[in-house]
Amino acid sequence: MYEGPVQDLIDELGQLPGIGPKSAQRIAFHILAADPDDIRRLADVLRLVKEKVRFCDICFNVAEDEQCRICRDARRDPTVICVVEEAKDVVAVERTREFRGRYHVLGGAISPIDGIGPNELRIRELCQRLADGTVQEVIIATDPNLEGEATATYLSRLLIPMGVKVSRLASGLPVGGDLEYADEVTLGRAFEGRRYVDA
C-alpha cells in the first residue's frame, strides 16, 4: 500500500477492464515518471472523449454527432445489418473490408451470471429498426463464447419470425493453427461450417 494520491491512482487504474493490481501499479509509476506535458495531454484527451463522444442514435456505435459515419454513408447497404456486441467489434469487422451494410451494437451479451439479460441490451431498438421492412438480412456477429452463443440463439429465435433472413458468422479453425491444439467446440464448428471444393 502506498500513501495518498499514489494509492488512489492505483485503485482507480485497477477499476479499468483488464488491468490487475500489478498492471495498475506499473501504469501509476509510469505516470509519476512521465513528462508533465504528456500527462496533461492524456488528461485533456480523456476529458474530451467524455465531453464529445456519444453513441449513434441509430446503431449505437461511437460517434461525435447524432449519427456515426457509417449510418450517414449513403453508399452502405441498408438491407443488411451486422449485429455486434460492442463498438470495438465494428472496427474489427470494418478492417476486413468485406461488409458493406450497416451495424447494430447491442452493448454487451446475455450473461445471467453478470445480471445481463435481453432487457439490458439494445434488442428492442434492433427490432424497431426491422419494423419498416427495409432490412432483409441480419448477420449475428457475437463472440464465439458462452455469452455470445446465448445471445445469438436468443436473437435468432426472436428475429426469424419477423421475416428476415438471419445468419451467423462462421467459426472454426484459425489460419495457421494446428488441429492438435484445437478444442472440441472449435473443431466441431469447423466441421459444421465446412465448404465443398469445386473441381
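The values are calculated or read from the model by the stated rules, or taken from the named source; none is laboratory data. These numbers were taken from a predicted model, which means no experiment stands behind them. We place every Cβ from the backbone using ideal geometry, glycine too, and count neighbours over all the protein chains shown.
From the list Ile58, Ile19, pick out the single residue that is free of Cβ contacts under 8 Å to residues at least 24 places away in the same chain, in a loop (DSSP other than H, G, I, E, B), surrounded by 11 or more Cβ atoms within 10 Å (Cβ to Cβ) and among the aliphatic types (A, V, I, L, M). I'd like the intermediate steps shown before the answer.
Details: Ile58 fails: free of Cβ contacts under 8 Å to residues at least 24 places away in the same chain.
Answer to the selection: Ile19.
Here the stretch 103-133 is the region considered, the condition is being under 16 Å from Val80 (Cβ atoms) and at pLDDT below 95, and the residue that is surrounded by the fewest Cβ atoms within 10 Å (Cβ to Cβ) is Asp132. Note on the stretch 151-170: among residues that are of a type outside the set (A, V, I, L, M) and either without any contact (Cβ under 8 Å) to a residue 12 or more places away in the chain or surrounded by fewer than 17 Cβ atoms within 10 Å (Cβ to Cβ) (or both), the one that is farthest from Val93 (Cα to Cα) is Pro161.
Condition test on Thr142, is it modelled with pLDDT of 90 or more, more than 18 Å from Phe60 (Cβ to Cβ) and within 21 Å of the chain's Cα centre (by Cα)? When the stated conditions are applied, Thr142 does not pass them. The combined condition, being within 28 Å of Gly117 (Cβ to Cβ) and polar (S, T, N, Q), is fulfilled by Gln15.
Sort out which residues of the stretch 74-95 are hydrophobic (A, V, I, L, M, F, W, C), assigned to a helix (DSSP H, G or I), more than 10 Å from Asn61 (Cβ to Cβ) and without any contact (Cβ under 8 Å) to a residue 12 or more places away in the chain, and write them in order of number.
Ala92
Of everything in the stretch 61-73, what is within 27 Å of Glu137 (Cα to Cα) and not in a helix (DSSP H, G or I)? Give them in sequence order. Of everything in the stretch 61-73, those that are within 27 Å of Glu137 (Cα to Cα) and not in a helix (DSSP H, G or I) turn out to be Asn61, Val62, Ala63, Asp65, Glu66, Gln67, Cys68, Asp73. Can you tell me which residues in the stretch 15-50 are over 24 Å from Val62 (Cα atoms) and either touching a helix residue (DSSP H, G or I) at 6+ places or on another chain (Cβ under 8 Å) or in the same structural domain as Gly108 (by TED's automatic domain parsing) (or both)? Result: Gly20, Pro21, Ser23, Ala24, Gln25, Ile27, Ala28, Ile31, Leu32, Ile39.
Residues of the stretch 96-124 being of a type outside the set (A, V, I, L, M, F, W, C), in a helix (DSSP H, G or I) and closer than 16 Å to Ile139 by Cα, which ones? Matches in the stretch 96-124: Thr96 only.
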